[in-house]
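One structure below.
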Amino acid sequence: MSDKKGLRRVLTGTVTSDKMDNTVVVTVIRRFRHPIYGKFVQRRKKYMAHDAGNQCKIGDRVAIEESRPMSKRKRWVVQKILERAM
């Protein structure tokens, strides 16, 4: 048997809160075409992500990756910071 872990999802979003210790709130916006009307619709979802070292600041674009549950709502880890906020 191989020791390969299952594929983990990676999402891209914007940090909206960094007030907690080692945790950030990342808002992910997904756009899709409405099945009947054809108009593009946006849906937002917030994810709590583990940020070791408190490196992320509000406005940063980050990639988050699925991980084991770390607390009641925290199941994601900041993989890397894609773009710093101005």
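Throughout, read-outs are computed from the coordinates displayed, never taken from laboratory work. If you're wondering where the values come from, they're calculated on a predicted model, not measured in any experiment. Because the Cβ atoms are built from the backbone with ideal geometry, glycine has one as well, and the counts that use them run over all protein chains shown.
Of the conditions (1) closer than 12 Å to TRP76 by Cβ; (2) surrounded by 10 or more Cβ atoms within 10 Å (Cβ to Cβ), ARG9 clears all except one; give me its number.
If we test ARG9 against (1) closer than 12 Å to TRP76 by Cβ; (2) surrounded by 10 or more Cβ atoms within 10 Å (Cβ to Cβ), just (2) comes out false.
Suppose we keep only residues that are surrounded by 11 or more Cβ atoms within 10 Å (Cβ to Cβ) and touching a residue at least 24 places away in the same chain (Cβ under 8 Å) within region 29-55. Which one would you say is nearest to ARG73 (Cα to Cα)?
MET48
Looking only at region 65-86, count how many residues are among the charged types (D, E, K, R) and free of Cβ contacts under 8 Å to residues at least 12 places away in the same chain.
So the answer is 2.
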